Amino acid sequence: GGNFATAFNNTNQTGTWRDSVDANPGEIVEFRVTAKNVGNEVASRVQVWGSINGQVPQGPASQLVMTSKIATASFGGNEETDTVTVNVTGGTAQGLRYLPGHARIQGVTNLHNCPSACNVGDSVLGGTIEIGDIQPGAFVEVTFKATVTNNVVVSPSTPPAVPPSSAP
């Protein structure tokens, strides 16, 4: 796998983005998937999945593991996965619930003009996010948030497609 998926405890604002983060029930964890082109050629038709199974880990568990994926049509159609672990503290097993309205993309491609971040809609988990072409040395970040809780949330069965976006 890669090393492109990280998380941060957005509630207590301590630490840095990392592969494993601690969180108490009720706290918000922010997830980040970074697609970076470290090559000398354009990475074409890049796609990102915030979660390969279409949702944040529902739990309840004391360790919640989410797998993200990046794919590109360039370089033989490479596909990479990476995991992020949320360690639930406080003694009670929990799950994660996606926080609607908090999915963002930051970066500039042929499909997105978001140097300072744009909303991408709530399909970040349920399907592919079309990133587009990433120039050599450039990167795009997709972020979204989830709450550590056991409250059940019904999610849509078919998320809408993510259209290209641009900064206002």
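The values are calculated or read from the model by the stated rules, or taken from the named source; none is laboratory data. Quick caveat: nothing in here was measured; it's all calculated off a predicted structure. FYI the Cβ positions are ideal-geometry reconstructions off the backbone, even for glycines, and counts take in every protein chain you see. What goes into the accessible areas is simple: the full protein's heavy atoms, side chains included, and nothing from ligands, DNA or RNA. Shrake-Rupley method; radii C 1.70, N 1.55, O 1.52, S 1.80 Å.
Got the relative contact order for the chain handy, in percent, Cα pairs under 8 Å and 6 or more residues apart?
29 percent
To check my understanding: the extent here is largest minus smallest coordinate of the Cα atoms along each principal axis. What are those three numbers for the stretch 1-40, in Å, largest first?
Principal axes ranked by extent give 43, 18, 13 Å for the Cα atoms.
Can you pull the Kirkwood radius for the chain, inverse mean 1/r over Cα pairs, to one decimal in Å?
16.1 Å
Find how much the distance from Asn24 to Asn78 grows on full extension, using 0.36 nm per residue of separation minus their present alpha carbon separation; answer in nm with one decimal.
Value of the extension gain: 15.8 nm.
Can you pull the three principal axis extents for the Cα set of the stretch 1-90, in Å, largest first?
Principal axes ranked by extent give 47, 25, 16 Å for the Cα atoms.
Please report, as a whole percent, how much of the solvent-accessible surface of the chain comes from carbon and sulfur atoms (probe radius 1.4 Å).
49 percent
Per-residue counts of other Cβ atoms within 10 Å, averaged by peptide: what ranking do you get for 32-43, 95-106, highest first?
Taking the mean over residues of other Cβ atoms within 10 Å, the ranking is 95-106, 32-43.
Quick one: ranking Ser20, Ser44 by accessible area, 1.4 Å probe, largest first, what do you get?
Per-residue accessible area, sorted high to low, gives Ser20, Ser44.
Calculate, in nm to one decimal, what Ala138 and Thr85 gain on full extension: separation in residues at 0.36 nm each, minus their alpha carbon distance.
Working it through step by step, the gained length comes to 16.4 nm.
Val142 accessible area, nearest 10 Å², 1.4 Å probe?
0 Å²
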